[in-house]
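I have placed the structure first, in the form of structure tokens, so that the comments after it can refer back to it.
The values are calculated or read from the model by the stated rules, or taken from the named source; none is laboratory data. Please read these numbers as outputs of a predicted model, since none were measured by experiment. Methodologically, a virtual Cβ is constructed for each residue, glycine included, from the backbone with ideal geometry; neighbour enumeration extends over all protein chains shown.
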Amino acid sequence: MNAPLIRLQGASVRFGATLALDGIDLTLQRGDRLALVGANGSGKTTLLRLLHGLLACEGQRVETTLMPEARRARGAMVFQHPFLLDVTVLWNLRLALWLQGVAPGECTARCHAALERVGLASLAGRRARALSGGQQQRLALARAWALRPDILFLDEPTASLDPSAKREVEALITEFAADGITLVLSTHNLGQVKRLATRAVYLEAGRLITDLPVDAFFGSTDLPLQARQFLRGELPWTT
């Protein structure tokens, strides 16, 4: 743990004339529970996708080799609104593992273990799109977990869920982190940051303003003005 997995150095991302990320320096460590916070349009999702390797950037994005495994870290993404195929719960998992080249026998074992892990084993034959919102998000987490990721990327994973479903999803995320999976979470929910994260990055207009342990982020009197305003709910959201 605490070994670097991904380093960003002067990383900038542009979408046409829009500068979405501006000169980001950030190191993701193994075992981190990193929360990305900021107003709408601050660059959270863009940074999440850059860390996942889904976007190109100006500057540097460097992946380091896991030791003692001697391989690159595997990542999996869970979105606010999970993309589920209109097939059964079980087949949503099987297809994901098939795309990763997992052998049929191992695929079956992993699927059933993942559904047991998230409490959906009894619904394996149900159509995925007929599940409740909370169940769909648990299925998305099961699919990600079945891929055996080293890093789990979470983009507003509970924003559209009711309080009970949020607690269920947060409990699973906490369990995954306890198993040693590194977390990167984008969220507007500051209570969720306190519950799930150990480190908070505050972004504004594509710039990284603060990168602090969670206790220091919420407890410091020396935060930059923008971060203090955000925590007090005084910072207007942008589009």
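Any idea how many residues of segment 57-113 are in contact with a Cys (Cβ under 8 Å, 6 or more places away or on another chain), under 28 Å from Ala159 (Cα atoms) and free of Cβ contacts under 8 Å to residues at least 40 places away in the same chain?
Going through segment 57-113, the residues in contact with a Cys (Cβ under 8 Å, 6 or more places away or on another chain) turn out to be 90, 93-94, 97-98.
Imposing the further condition that a residue be under 28 Å from Ala159 (Cα atoms) reduces the set to 90, 93-94, 97.
From the residues that got through so far, the ones that are free of Cβ contacts under 8 Å to residues at least 40 places away in the same chain too are 90, 94.
Selection size over segment 57-113: 2.
Suppose we keep only residues that are more than 22 Å from Arg74 (Cβ to Cβ) and part of a loop (DSSP other than H, G, I, E, B) within segment 173-203. Which one would you say is nearest to the chain's Cα centre (by Cα)?
Here the answer is Thr187.
Is it the case that Ala109 is closer than 24 Å to Thr187 by Cβ and part of a helix (DSSP H, G or I)? Walk me through it before giving the result.
On the way: closer than 24 Å to Thr187 by Cβ: no; part of a helix (DSSP H, G or I): yes.
Against the criterion (closer than 24 Å to Thr187 by Cβ and part of a helix (DSSP H, G or I)), Ala109 does not qualify.
Out of the residues in segment 21-59 meeting the condition of being in contact with a Phe, Trp or Tyr (Cβ under 9 Å, 6 or more places away or on another chain) and at positive phi, tell me which one is modelled with the lowest pLDDT.
In this case the residue turns out to be Gly41.
Residues to consider are Arg110, Arg61, Arg143; find the one that is touching a helix residue (DSSP H, G or I) at 6+ places or on another chain (Cβ under 7 Å), basic (Lys, Arg) and within 30 Å of Gly23 (Cβ to Cβ).
Numbers: Arg110 fails: within 30 Å of Gly23 (Cβ to Cβ); Arg143 fails: within 30 Å of Gly23 (Cβ to Cβ).
Testing whether each residue is touching a helix residue (DSSP H, G or I) at 6+ places or on another chain (Cβ under 7 Å), basic (Lys, Arg) and within 30 Å of Gly23 (Cβ to Cβ) leaves just Arg61.
Which of the residues belonging to segment 39-86 are of a type in the set (A, V, I, L, M), touching a Pro at 6+ places or on another chain (Cβ under 9 Å), under 30 Å from Ala124 (Cβ atoms) and in a loop (DSSP other than H, G, I, E, B)?
Ala73
Please state which one of Met67, Met77 is under 13 Å from the mean Cα position of the chain (by Cα) and closer than 28 Å to Ala113 by Cα.
Of the residues listed, the single one that is under 13 Å from the mean Cα position of the chain (by Cα) and closer than 28 Å to Ala113 by Cα is Met77.
What is the number of the single condition among (1) more than 29 Å from Ser42 (Cα to Cα); (2) at pLDDT below 95 that Gly133 does not meet?
With (1) more than 29 Å from Ser42 (Cα to Cα); (2) at pLDDT below 95 applied to Gly133, the lone miss is (1).
Can you pull out the residues in segment 143-168 that are among the aliphatic types (A, V, I, L, M), surrounded by 23 or more Cβ atoms within 10 Å (Cβ to Cβ) and at pLDDT below 95?
none
Is it the case that Leu152 is part of a loop (DSSP other than H, G, I, E, B) and closer than 24 Å to Ile24 by Cβ?
On the way: part of a loop (DSSP other than H, G, I, E, B): no; closer than 24 Å to Ile24 by Cβ: yes.
Here the answer is no, as Leu152 does not meet what is asked.
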